[in-house]
Amino acid sequence: MEVQTLIGLEVHAELATKSKMFCSCSTEFGAEPNTHCCPICTGMPGVLPMPNKKAIEYAVKAGLALNCDISEFSKMDRKNYYYPDLPKAYQISQYDLPLCVGGYVDIETEEGPKRIRIRRVHMEEDAGKLLHEGWGNNSLVDYNRAGVPLIEIVTEPDMNSPAEAGAFLDKLKAILQYIEVSDCKMEEGSLRCDVNINARASDKSMATAITEMKNLNSFKAAVKAMEYEEKRHREALLEGDPTVHETRRWDDARGVTVAMRGKEEAHDYRYFPEPDLVPIALDKSYIESIKESLPELPDQRYQRFISQYGLPQYDAEILTSSKYLADYFEQCMTIYDNAKTVSNWLMGDVLRALNENGKDPSDIPFPPAYLVDLIKYVDDGTISISIAKKVFDEMFANGTDPGAIIKEQGLVQISDEGELLEIIRQVIQENAPSVADYKAGKKKALGYLVGQAMKLTKGKANPQLLNKLLERELN
Amino acid sequence: MRIKPEEVDYIAALSRLVLSEQEKNIYARHLSEILEHAERLSELDTDDVEPTAHVLSLKNIFRDDEVKPSLERDILLSNAPEVENGCFKVPRIVE
């Protein structure tokens, strides 16, 4: 039997407004608990919520960037459930008339490009944060996040593998960053994802019951959770094991998913139109003006990077996957003309260093001009490429200007023949056995002698010149 | 009766209410009467009527994205049954 995996995603993105969705409390991350709260966002009786105009604008912008139709008539609804992170015992959301419907995102897969359909994008308010650990039989609640504007992006179950879902999430994050409606910081919870996954026989004769996984807080965790569930569903389908529709939690430490208990009744949300908020009616000219304000999106920038800078597809794909990385690249290109060299540094050492430190391209600790300086020092022979890597590590650690590092640590490349010859003669004198090996035809001995000379110059010898002179001296 | 006591049970559970047998019967009757009353609307022909999104004829009431001071935390927490570390303290939620 041929089996297909079906994955649909619900992604929540916090909008980058200054104030909350329905009140004027700050949305800033990291404040002392419960200091960004007021009677409105904590659900006191008798208050009136009032929607943030900017949040509506951001949601429309996101909908347009995701190729959705924007509803000219939309309304808010109450989604009722009891949970301590929800001070009103309902969340203001959208039910039957969401702001944006029917879009798509194109992704790259191993089998070529693929279109993932977006079912809807709607607005809602975020819930508070529960702290479970360390309080015995209690939990603590911080309502600073309650009422922060969110968009929920719901896809059709169009992804057929965790890798495709991962590619979709990366692309979605890039788009939201490009249009600057969300800072997309997963570690601060501003981007979170729920997964719906099951397996189906390709002829649709049978399928497993859908598993829901909520609040996966990193794309890496989401992909790992999907890989685990994909295997479980496929096995269940092939073995004919019964499955139930359930919510499962991803246990990152153990690398497994665990069924959550007693959540069935929580799905009766009893939505009804929010009586405290009047409908939203957007006219065509407003929607059109936001459409015109959309910046260049990742797909367009990818094409431009190939045509304008002559970059290979792979480089263009990586560089444009992050707005910050693409911006950084283009800032370098305003003061330097070899695109491939800049791209190699960014895709190589820069991304490696960022990954090793768990950082984002927005965290590169030195300006583009410093990277270009470093490249130019290699171009004009001031330093060798291997010294440049050391200078780079120092720049990354301290944000220092490469010229200062080279000067301070005396890293200027030795390209003076006389100076190098002196060192070479010393090496030949001190390594008679290797010299003999070389003369006996063991060409590998040359590498060892080069290494010794490099050691004496602390890596500063001009490698091409050193090789040439050493060979000349030995013969 | 349209609403059976078991349905009252279910609705009460969603609202975290504990009702006695007697109350369940009373509410089953009340809720049934409300539904029957509302059902009279279906006698009207509403084919050409747009569904009502709101009883007021207003639309697009928005505010600008401006931050204003929040409530003092001591005031915010003053009605909380229990407080710890500047947070509301609630029974542990087990997941």
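Quick note: the coordinates plus some simple rules give every number you see, no bench work behind them. These numbers come from a predicted model, not from an experiment. A quick note on method: Cβ atoms are made from the backbone with ideal geometry, for glycine too, and the neighbour counts reach across all protein chains shown.
Neighbouring Cβ atoms within 10 Å as the yardstick, rank A:Met21, A:Met1, A:Met395, A:Met333 fewest first. Let's see the in-between values first.
On the way: A:Met21 28, A:Met1 9, A:Met395 24, A:Met333 18.
With the sparsest Cβ surroundings first, the list reads A:Met1, A:Met333, A:Met395, A:Met21.
For A:Glu246 and A:Asn475, the FRET efficiency from 1/(1 + (r/R0)^6), where r spans their Cβ atoms and R0 equals 60 Å, is about 0.20. Taking 7 Å along the Cα-to-C-beta vector as the label spot, tell me the A:Asp380-B:Asp47 distance in nanometres, rounded to one decimal. Output for this residue pair reads 8.5 nm.
Report summary: the helix-based calculation at 222 nm, which adds -39500 (n - 2.57) for every DSSP H run with n ≥ 4 and divides by the residues of the protein assembly as shown, gives -11500 deg cm²/dmol. The angle between the Cα long axis of helix A:162-178 and the main principal axis of chain A comes to about 90°, on a 0 to 90 degree scale. Stretching the chain fully between B:Leu17 and B:Asn85 yields a gain of 21.5 nm (0.36 nm per residue, less the alpha carbon separation). Computed from phi, the 3J(HN,Hα) profile of segment A:30-47 under the Karplus parametrisation 6.51, -1.76, 1.60 (θ = phi - 60°) reads x, 6, 4, x, 6, 9, 10, 9, 8, x, 6, 7, 9, x, 6, x, x, 8 Hz, with x in place of Gly and Pro. Close amide H contacts of A:Tyr104 (hydrogens built in the peptide plane, cut-off under 5 Å, sequence separation of 5 or more or a different chain): A:Asn67, A:Cys68, A:Ile118.
Counting pairs of alpha carbon atoms under 8 Å apart in space and at least six apart in sequence, what relative contact order in percent does segment A:417-474 give? Result for segment A:417-474 is 43 percent.
Phi-derived couplings, Karplus 6.51 cos²θ - 1.76 cosθ + 1.60 at θ = phi - 60°, listed residue by residue for segment B:65-72: 7, 10, 8, 10, x, 8, 6, 4 Hz, with x used for Gly and Pro.
Extension gain, A:Asn357 to A:Met44: 0.36 nm times the residue separation minus the Cα-Cα distance gives 108.3 nm. To make sure I understand the rule: partners must be aspartates and glutamates, Cα under 18 Å from the Cα of A:Lys291, and not fewer than 8 residues away in the same chain. Which ones qualify? Once the sequence-local aspartates and glutamates are set aside, what remains near A:Lys291 is A:Glu57, A:Asp69, A:Glu72, A:Glu180, A:Asp283, A:Asp299. Residue by residue along A:67-79, Cβ atoms of other protein chains within 10 Å of the local Cβ number 1 on average. One compactness figure for the protein assembly as shown is 1.28, namely its Cα radius of gyration divided by 2.2 N^0.38 Å.
This ranking places A:Val378, A:Val105 by how few other beta-carbon atoms lie within 10 Å of each, fewest first, which gives A:Val378, A:Val105. If only the Cβ of Lys and Arg carry +1 and only the Cβ of Asp and Glu carry -1, the dipole of the protein assembly as shown around its Cα centre is close to 1520 debye.
The spacing between segment B:1-73 and segment A:347-367, judged by their C-alpha centroids, is 53 Å. For A:Thr334 and A:Lys53, a Förster radius of 41 Å and the Cβ-Cβ distance give a FRET efficiency of 0.70, rounded to the nearest 0.05. Taking other Cβ atoms within 10 Å as a rough exposure proxy, A:Ser24, A:Ser19, B:Ser42, B:Ser32 sort from fewest to most as B:Ser42, B:Ser32, A:Ser24, A:Ser19. Principal-axis analysis of the Cα atoms of chain A puts helix A:323-333 at an angle of about 30° to the longest axis. Applying a 4.7 Å Cβ-Cβ cutoff to chain A, the cysteines left without a disulfide-compatible partner are A:Cys23, A:Cys25, A:Cys37, A:Cys38, A:Cys41, A:Cys184, A:Cys193, A:Cys332.
In debye, nearest 20, what is the charge dipole magnitude of segment A:3-287 about its Cα centre with +1 on Lys and Arg Cβ and -1 on Asp and Glu Cβ, if you could check?
300
Remark: the Cα gyration tensor places chain B in the oblate category, a/c being 1.5 or greater and a/b not exceeding b/c. Projecting the Cα positions of A:Tyr82, A:Cys37, A:Val3 onto the charge dipole of segment A:1-98 (unit charges on Cβ atoms of Lys, Arg, Asp and Glu, taken about the Cα centre) puts A:Cys37 furthest along the positive direction. Each residue of segment A:105-114 is assigned a 3J(HN,Hα), and the resulting list reads 10, 8, 10, 9, 10, 4, 8, x, x, 9 Hz, derived from the Karplus form 6.51 cos²θ - 1.76 cosθ + 1.60 (θ = phi - 60°), x at Gly and Pro. Helix A:219-239 and the long axis of chain A differ in direction by around 70°, with both axes built from C-alpha atoms.
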